[in-house]
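The block underneath contains the structure these notes are about, expressed in structure tokens.
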Amino acid sequence: MIKKVTDDADRRMRKSIESFQSDLSRVRTGRAHPSLLEHITVEYYGTETPIGQAASVSVEDARTLTVTAWDATLVPLIEKAILESDLGLNPSTAGTVIRVPIPALTEERRKSLVKLIKAEAEQAKVAVRNIRRDSISKLKELKKVKDISEDEERSADVIVQKLTDSHVKNIDDIVTSKEQEILAI
């Protein structure tokens with residue numbers, strides 16, 4: 001019973017961290033990376049489709065992405081979607097290839113991105129702590145219905161707390177590395 005609760009907590013905490021890392025991959029660091037455009041969708045035959053499913057996104061150089069549409073009629077739609085995104089990018093089209101230059105980040109923008117990352121990290125930590133709270137309440141229920149003893153509950157609480165501390169430290173490490181990546185010129 002205890003193993004089941006702690007394994008479930010660990011699995012859910014890992015998923016929270018994966019979600020956090022996915023959110024961070026969208027934060028622009030001044031370098032070109034195809035994941036910058038992942039969340040942008042374009043209308044493709046009446047359906048909102050992610051750019052990655054309607055075109056090929058690749059890195060031309062450190063500051064330029066190239067988007068090659070699979071259907072020539074999509075080029076203006078993709079260009080418009082990139083322009084209207086919240087990324088502040090200005091694509092330029094040459095035939096079926098769209099070049100997206102990634103402008104250098106200003107120091108002010110870098111600092112605001114660091115604040116944004118720290119806010120995202122705090123949300124991830126809250127999610128991990130909520131999972132801890134759920135797990136501890138499950139353990140209390142098990143003790144209440146006499147499936148586990150009081151000593152077993154206490155030792156399981158310690159295990160859940162160690163899991164929580166480990167995952168919170170992991171989040172802090174991710175934030176530190178991303179912060180260094182953003183602040184590097």
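Show the residue pairs that are 6+ apart or on different chains and have beta-carbon atoms under 6 Å apart, the first residue being within the range 97-125 and more than 14 Å from K178 (Cβ to Cβ), the second being exposed (fewer than 12 other Cβ atoms within 10 Å of the Cβ) and of a type outside the set (S, T, Y).
none
Going by the conditions given, is I2 at pLDDT below 90 and surrounded by 17 or more Cβ atoms within 10 Å (Cβ to Cβ)? Before the answer, list the steps.
Working: at pLDDT below 90: yes; surrounded by 17 or more Cβ atoms within 10 Å (Cβ to Cβ): yes.
So I2 fits the description; yes.
Can you tell me which residue among A72, A94, A81 is small (G, A, S) and within 15 Å of T41 (Cα to Cα)?
Numbers: A72 fails: within 15 Å of T41 (Cα to Cα); A94 fails: within 15 Å of T41 (Cα to Cα).
Going through A72, A94, A81 in turn, the sole match is A81.
Yes/no per residue for (1) outside the structural domain of M13 (by TED's automatic domain parsing); (2) in contact with an Asp or Glu (Cβ under 9 Å, 6 or more places away or on another chain):
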| residue | (1), (2) |
| --- | --- |
| E79 | yes, no |
| I82 | yes, no |
| G88 | yes, no |
| S112 | no, no |
| K125 | no, yes |
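Is there any pair linking a residue in the range 151-166 that is surrounded by 12 or more Cβ atoms within 10 Å (Cβ to Cβ) to one that is of a type in the set (S, T, N, Q), with Cβ under 7 Å and at least six apart or on different chains, and which?
That search, which allows pairs on different chains as well, returns A156/T6; I159/T6; V160/T6; V160/S135; L163/T6.
Give the range 78-100 a look and list any residue that's under 11 Å from L37 (Cβ atoms) and assigned to a strand (DSSP E or B), or say none.
Kept after step one, since they are under 11 Å from L37 (Cβ atoms), are these residues of the range 78-100: 78, 81-82, 85, 87, 89, 91, 98, 100.
Residues satisfying the conditions are I98, V100.
Given the condition basic (K, R) and outside any helix (DSSP H, G or I), answer yes or no: does some residue in the range 149-170 qualify? Even if it seems obvious, please write down each step before you answer.
Initial filter on the range 149-170 (basic (K, R)): 154, 162, 169.
This time we only want the ones that are outside any helix (DSSP H, G or I), so: none.
No, the range 149-170 contains no residue that is basic (K, R) and outside any helix (DSSP H, G or I).
Could you tell me which residue of the range 104-148 is surrounded by the most Cβ atoms within 10 Å (Cβ to Cβ), considering only residues that are out of contact with any Lys or Arg (no Cβ under 8 Å at 6 or more places or on another chain) and not in a helix (DSSP H, G or I)?
Selected residue: I148.
Taking R110, is it modelled with pLDDT of 85 or more, in contact with a helix residue (DSSP H, G or I) (Cβ under 9 Å, 6 or more places away or on another chain), of a type in the set (D, E, K, R) and over 30 Å from L74 (Cβ atoms)?
Working: modelled with pLDDT of 85 or more: no; in contact with a helix residue (DSSP H, G or I) (Cβ under 9 Å, 6 or more places away or on another chain): yes; of a type in the set (D, E, K, R): yes; over 30 Å from L74 (Cβ atoms): yes.
It is false that R110 is modelled with pLDDT of 85 or more, in contact with a helix residue (DSSP H, G or I) (Cβ under 9 Å, 6 or more places away or on another chain), of a type in the set (D, E, K, R) and over 30 Å from L74 (Cβ atoms).
The values are calculated or read from the model by the stated rules, or taken from the named source; none is laboratory data. Predicted model, so just to flag it, every value in this text is computed and none were measured. Cβ sites come from the backbone with ideal geometry, for glycine too, and all protein chains shown count toward neighbours.
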